[in-house]
Amino acid sequence: MTTREVTFGSVEEIKRFVNQAEKYHEDVDVCCGSCMVDGKSLLGVMSLGIGKKLNVVIHD
């Protein structure tokens, strides 16, 4: 499992992230506190918000 902290500054950055995450065969989760969403879901990642510190978890 690999974990990184990220902050998205715009919707375009989120779109680029989701497009890259979709290329992985592994599961990608994005977490903010106790909320966790699928990193391959544009709406899910956008629901966590822009400008917040998020944790990306790749289950490898």
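The values are calculated or read from the model by the stated rules, or taken from the named source; none is laboratory data. None of these values were measured; they are calculated from a predicted model. No Cβ is skipped: glycine too gets one built from the backbone with ideal geometry, and neighbour counts run over all protein chains shown.
For this structure, a couple of remarks:
- The set of residues in the stretch 12-25 that are surrounded by 11 or more Cβ atoms within 10 Å (Cβ to Cβ) and not polar (S, T, N, Q) comprises Glu13, Ile14, Lys15, Arg16, Phe17, Val18, Ala21, Glu22, Tyr24.
- Pair list, Cβ < 6 Å and 6+ apart or interchain, from the stretch 1-12 residues that are under 11 Å from Leu54 (Cβ atoms) to residues that are basic (Lys, Arg) and loosely packed, with under 11 Cβ neighbours inside 10 Å: Glu5/Lys53; Thr7/Lys53
- Among residues of the stretch 8-24 being out of contact with any helix residue (DSSP H, G or I) (no Cβ under 9 Å at 6 or more places or on another chain) and outside any helix (DSSP H, G or I), the one that is modelled with the lowest pLDDT is Tyr24.
- Among residues of the stretch 32-46 that are closer than 17 Å to His59 by Cβ, those with a Cβ under 6 angstrom from a residue that is among the acidic types (Asp, Glu) and assigned to a loop (DSSP other than H, G, I, E, B), sequence gap 6+ or separate chain, pair up as Lys40/Glu22.
- Residues that are surrounded by 17 or more Cβ atoms within 10 Å (Cβ to Cβ) and of a type in the set (Lys, Arg), drawn from the stretch 28-60: Lys40
- Qualifying residue in the stretch 25-34 (condition: touching a strand residue (DSSP E or B) at 6+ places or on another chain (Cβ under 9 Å), in a loop (DSSP other than H, G, I, E, B) and hydrophobic (A, V, I, L, M, F, W, C)): no
- Residue that is farthest from His59 (Cα to Cα) [pool: residues in the stretch 9-31 that are under 10 Å from the mean Cα position of the chain (by Cα) and β-branched (Val, Ile, Thr)]: Ile14
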